[in-house]
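The structure appears below as C-alpha cells.
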Amino acid sequence: MSPADRLLGVLTAAAGVQSSTASDLSSIFRVTGFGNIEVGNLIMIAVGLAMIGLAVRKNYEPLLLVPIGFGIIAGNIPYDPALMPIGYQDVLNGQQSVFNLLYFGVSSGLFPPLIFLGIGAMTDFSALLSNPKLLLLGAAAQIGIFLTLMGSLLLGFDLKEAAAIGIIGGADGPTAIFVASQMAPHLLGAIAIAAYSYMGLVPVIQPPIMKLLTTPAERRIRMKPARRVSKTEKVLFPIVSFIITAFIAPGAITLLGMLFFGNLLRESGVTNRLSDSAQNALNNIVVMLLGFSVGTSTQASYFLTPQSILIFVLGAASFAAATAGGVLFAKLMNLFLKGENKINPLIGSAGVSAVPDSARVSEIVGRQYDPKNHLLMHAMGPNVAGVIGSAIAAGILLAMIPH
C-alpha cells in the first residue's frame, strides 16, 4: 500500500470516528432535559419557584405550596417519553410509572377524604356550637360556587366542567380536587393549582373586599363571649351532623363521613392514639403526596392553555364572590339582631373554608380598627361551617349532574 493510500485510510477512519462521536454526543444531548426544553416548561418552572418563594418568604400555606411548587418543577423537567417512560408526562397520558401510581391518589379521589379525616381530627367545633347561627355565614359564602358555575357555563364550559370549576369558590382544595377528579379529570391540574393558590393568597385577596363592604363602625363591633360547650355536645355533634348532612347530600358522604369521623375520634376522649395519627402522621403524609402529585400533573403542554387561564380568572371571581357573600349576609343578619347579639361582619369572610387562614384574616383586620377586639374564635364558627357547606355543595352537584 502506497503512503498516499495509507494517509487516505487514516483520514477516512478519523472522519468516521469524528462522525460517530458527533452522533453519540447528539444522542446524549437529545435524552437530556436541555435537548427537549420548551418555553412553556420554563414558564411553569418559574411558577413552581414562585410558589415556593411565597411559601418560604411570606408563609402563605407552606404545607401546600412547597410540595405543589416542587411538584410543578419536577413535572416540567422535559424528556422524550418515547425513550424514557419515567413518569412525569405519563401521569397525563395513562402510561404506567411511579408518578402515575402516586397520582392515582388524586385521580381516584382517595387523597381528599383522607385529608378530611385529618381536618376533622384537628378541628374544634366549639365556636360553631356556642353560636349556631354562624352556620348561616358558612352557607352564605357558598354563593361563590354557584355564581362561578353559571359564569363557567356562559364561557363555554360544559356542565360537569363548570361544576368542578365552581367548587374553587369554596376555597377548599381537597373538595375541589375530589369534584374535579369525578367530573373533569382533564382540568384537575388547573383547578387544583387555582384552588390552592387562592387559599394561599387569602391574606391578600380578602382584606380589600372586607373593607369595601363594611363601615369603620361595623368593623369595631364587639361580639359577646362564646358560651362554654359541654363534652356531650361535642361528642353528639359529629354523629348527629353526619346523619343530617348525609341525608341532605348523599353525594358528600365520603367527604363528610371522614370529616365527622375524624372529629369523633378527637372528641370521644377514648381514641387519642387514632386522633393523633389522623391529624399528624397520616395527614402530613397525604398532604405531601397530594401536593407533589398535583404539581407533577401541570406539564406545560397540557397546562398552559386558554382553558387554564379562564379557570384562574373564574377562580378569583369565585373566591371574591364567596368572601363578599359571607360579609353581606352578616350585615343582613344584623338587621334582625339587637345589642350584644350583633355580628361583626368581618367574620362573614371566614365563611370560605380556608381553615384557619380566613379566620386569622378576620382577626387581623378587626384589630386594625380596635386592637382589643379579638374575633378569631368567633370567626372559627363560620370557618368550620364553610368546610361543611362546601362539602354539601359538592355532594349536591355530584348527585344532580351525571358523571
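Rule-based calculations on the coordinates, nothing more; no lab input. All values reported here derive from a predicted model rather than from experimental measurement. Please note: Cβ atoms are built from the backbone with ideal geometry, for glycine as well, and neighbour counts cover all protein chains shown.
Neighbour counting of Cβ atoms within 10 Å sorts the residues 172, 124, fewest neighbours leading, into 124, 172. Pull out a ≥ b ≥ c, the square roots of the eigenvalues of the alpha-carbon gyration tensor of the range 160-258, then state rounded if a/c is under 1.5, prolate if not and a/b is larger than b/c, and oblate in the remaining case. The shape class here is oblate. The convex hull built on the alpha-carbon positions of the range 86-207 has an orientation-averaged projected area of 9.3 nm².
Projecting the Cα atoms of 334, 110, 290 onto the charge dipole of the chain, computed from C-beta unit charges around the Cα centre, puts 334 farthest toward the positive end. Taking label points 7 Å from Cα along the Cα-to-Cβ direction, residue 236 and residue 340 give a separation of 2.5 nm. Rounded to whole numbers, the Karplus 3J(HN,Hα) couplings from phi for the range 197-206 are 5, 6, 4, x, 9, 3, x, 9, 7, 6 Hz, using 6.51 cos²θ - 1.76 cosθ + 1.60 with θ = phi - 60°, and x at Gly and Pro.
Apply the a/c threshold of 1.5 to the C-alpha gyration tensor of the range 235-290 and tell me whether it is rounded, prolate or oblate. Oblate, since a/c reaches 1.5 and b/c is not below a/b. With a threshold of 32 Å on the Cα-Cα distance, the over-threshold entries among 58/211; 211/338; 58/342; 160/224; 231/372; 211/231 are 58/342; 160/224; 211/231. The 3J(HN,Hα) values that the Karplus relation (6.51, -1.76, 1.60; θ = phi - 60°) gives for the range 339-345 are, in residue order, x, 6, 7, 5, 9, 6, x Hz. Gly and Pro appear as x.
For the chain, the spherically averaged projection of the C-alpha convex hull amounts to 25.7 nm². Selection among 163, 265, 361 by position relative to the dipole of the chain gives 361 as farthest towards the positive end (Cβ unit charges, Cα centre). For the range 53-80 versus the range 328-403, the spacing of their alpha-carbon centroids is 29 Å.
Using the beta-carbon distance between residue 49 and residue 284 and R0 = 25 Å, what value does 1/(1 + (r/R0)^6) give for FRET efficiency, to the nearest 0.05? The pair residue 49/residue 284 has a calculated efficiency of 0.60. Just to confirm the filter: which chymotrypsin sites (Phe, Trp or Tyr not before Pro) across the range 321-387 are DSSP coil and have at most 13 other Cβ within 10 angstrom of their Cβ? Within the range 321-387, the qualifying chymotrypsin sites (Phe, Trp or Tyr not before Pro) (loop, at most 13 other Cβ atoms within 10 Å) are 336. Inter-part distance, the range 175-247 to the range 273-288, computed on C-alpha centroids, equals 21 Å.
Computed from point charges on the beta carbon alone (+1 for Lys and Arg, -1 for Asp and Glu), the dipole magnitude for the chain about its Cα centre is near 1760 Debye. Each peptide in 259-267, 384-392, 371-379 was scored by the mean count of other Cβ atoms within 10 Å over its residues; highest first, the order is 384-392, 259-267, 371-379. Extension gain, residue 271 to residue 305, is 7.5 nm, computed as 0.36 nm per intervening residue step minus the present C-alpha separation. Working ranking of peptides 115-123, 346-354 by packing, defined as the average number of other Cβ atoms within 10 Å per residue, highest first, is 346-354, 115-123. From helices alone, the chain scores -22500 deg cm²/dmol at 222 nm; the rule is -39500 (n - 2.57) for each run of n ≥ 4 DSSP H residues, then divide by the residue total.
When the alpha carbon gyration tensor of the range 309-403 is reduced to an equivalent ellipsoid, its three semi-axes come out at 27, 16, 12 angstrom, largest first. In this rough spin-label picture, where each label sits 7 Å from Cα along the Cβ direction, the residue 36-residue 153 distance is 4.2 nm.
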